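Encoded as structure tokens, the structure appears first; notes follow it.
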Amino acid sequence: MTGSIICGVDGSESARGAARVARSLAGELGTGLTFVRVVPPGTPQTSVSTIADRLERLSAGATDVDCGAAWRVEEGHPADALVAAARESGASLVVVGSTGPRSSLLGSISADVSRRAPCPVVVVPPTAVGNAAGQDADFAGGIARFGLGGGGTEFAGGIARFGLGSR
């Protein structure tokens with residue numbers, strides 16, 4: 001996989017689940033990871049600094065084995081900022097949490113990102129948040145190993161092509 005993974009985080013339980021899945025995917029796929037936190041325009045600098053400190057700690061938890069992680073704080077509407085970050089970085093994947101109602105799975109932000117992102121989007125449902133970290137890794141590994149022959153998962157033009165050779 002050539003591009004990085006963009007992961008939207010906002011301090012919610014759902015976003016923590018998305019961060020775990022994004023870290024697992026980055027490690028499995030051998031790609032970079034950028035955590036993006038979006039704040040409303042005009043957010044006081046002290047609040048932005050506190051958020052930046054939290055993101056620094058979150059990124060520090062991603063080791064070189066995970067391919068490391070970067071972070072950024074953006075101002076604006078969350079969906080707009082995540083889609084822009086994905087475009088600017090040439091991302092191969094966006095990972096977001098969802099706090100949507102059980103009947104629809106997608107919240108308004110995750111639905112908006114899913115419709116407009118220039119790459120595939122993984123939406124981590126609220127029910128996944130309570131799963132053990134090992135289950136997140138199994139989930140990520142399962143996605144990374146859809147290509148069962150040589151080469152693994154290949155993303156091209158936003159569409160995943162899955163090789164089905166023997167293992």
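Just the residues that are within 21 Å of Pro118 (Cβ to Cβ) and more than 12 Å from the chain's Cα centre (by Cα), please, taken from the stretch 1-29.
Met1, Thr2, Gly3, Leu29
Select, from Arg116, Arg87, Arg102, the only residue that is at pLDDT below 95 and among the basic types (Lys, Arg).
Every option except Arg102 fails the conditions.
Condition (residue is polar (S, T, N, Q) and in contact (Cβ under 8 Å) with a residue 12 or more places away in the chain) applied to the stretch 46-55: is it met by at least one residue?
No - not one qualifying residue is present in the stretch 46-55.
The values are calculated or read from the model by the stated rules, or taken from the named source; none is laboratory data. Everything quoted here is computed from the prediction, not taken from an experiment. As a convention, Cβ positions derive from the backbone with ideal geometry for all residues, glycine included, and neighbour counts pool all protein chains shown.
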